[in-house]
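Bear in mind these aren't lab numbers, they're just calculated from the coordinates by the rules spelled out. What you are looking at is a predicted structure, and each value in this text was computed from that prediction instead of being measured. As a convention, Cβ positions derive from the backbone with ideal geometry for all residues, glycine included, and neighbour counts pool all protein chains shown.
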Amino acid sequence: MAMKKLLTVAALLVAGCPYLFAQKLAASKVPANVRATFVKMYPSANAKWELEAGKYEAGFKQDGNTMSVLIDKDGVLAETETGIKVTALPAPVLAYVKAHYAGKAIKEGAKITRADGTVTYEAEVDGKDVIFDASGKFIKETKA
């Protein structure tokens, strides 16, 4: 009986895994209102789409920067992420990483702007995304 429960739980976990991680999507699978929001903001950009935590993520290049936007199913912008040089991260971010990730280099930096104007920074270090507020104060660490 315990084995049957274990197999059932394992099957449910495997079936649910695609919903835990971003899923690549063809543009034709993205709702028209979501695509319209993106095209209105970035008319000349060519996006690669993913479904991430119920929101549609468009990854693209703009003016030499790697960018992404998250748009909800209703076509409302949730956030914009712009890749930045590591040296452009706020000084407190660099100091925090140096103190807490000794010997590890920041692989990528990003500035994230939510729809309400809230800015956060992200530093990818040692396979983790380390998130900071606009002043460079540590908020959290997540798996990259």
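Which net charge results when you count Lys and Arg as +1 and Asp and Glu as -1 among the other residues whose beta-carbon is under 11 Å from that of G59? Before the final figure, lay out the partial values.
Values: positive: K24, K48, K61; negative: E50, E52, E57, E81.
Result for the neighbourhood of G59: -1.
How charged is the neighbourhood of A27? Take every other residue with its Cβ under 13 Å from the Cβ of A27, and add Lys/Arg as +1 and Asp/Glu as -1.
Numbers: positive: K24, K29, R35, K48; negative: E50, E57.
Result for the neighbourhood of A27: +2.
With a bin width of 5 angstrom, please list the P(r) values of region 85-144 as percents of all Cα-Cα pairs, from the 0 bin to the one holding the largest distance.
Distribution as computed: 4, 21, 33, 27, 10, 3, 1, 0 percent.
Any idea how far apart A99 and E141 come out in nm if each label point goes 7 Å out from Cα toward Cβ?
1.4 nm
Give the whole-number value, in cubic angstrom per residue, of the convex hull volume spanned by the C-alpha atoms of region 27-95. Before the final figure, lay out each step's value.
Details: hull volume 6.8 nm³, N = 69.
Value for region 27-95: 99 Å³ per residue.
How would L70, L25 line up from fewest to most surrounding beta-carbon atoms within 10 angstrom?
Details: L70 21, L25 16.
Going from least to most buried by this count: L25, L70.
For the pairs K107/K143; K85/K137; K98/K128; K24/K55; K48/K107; K40/K73, note any where the Cα-Cα span goes beyond 20 Å.
Those over the limit are K48/K107.
In percent, how large is the relative contact order of region 85-144, given Cα pairs closer than 8 Å and 6 or more residues apart?
Numbers: 103 pairs, mean separation 17.4, N = 60.
29 percent.
If packing is taken as the average number of other Cβ atoms within 10 Å across a peptide's residues, how do 43-55, 71-83 rank, most packed first? Show your work: numbers first, answer last.
Numbers: 43-55: 14.0, 71-83: 16.3.
Top to bottom by mean Cβ count within 10 Å: 71-83, 43-55.
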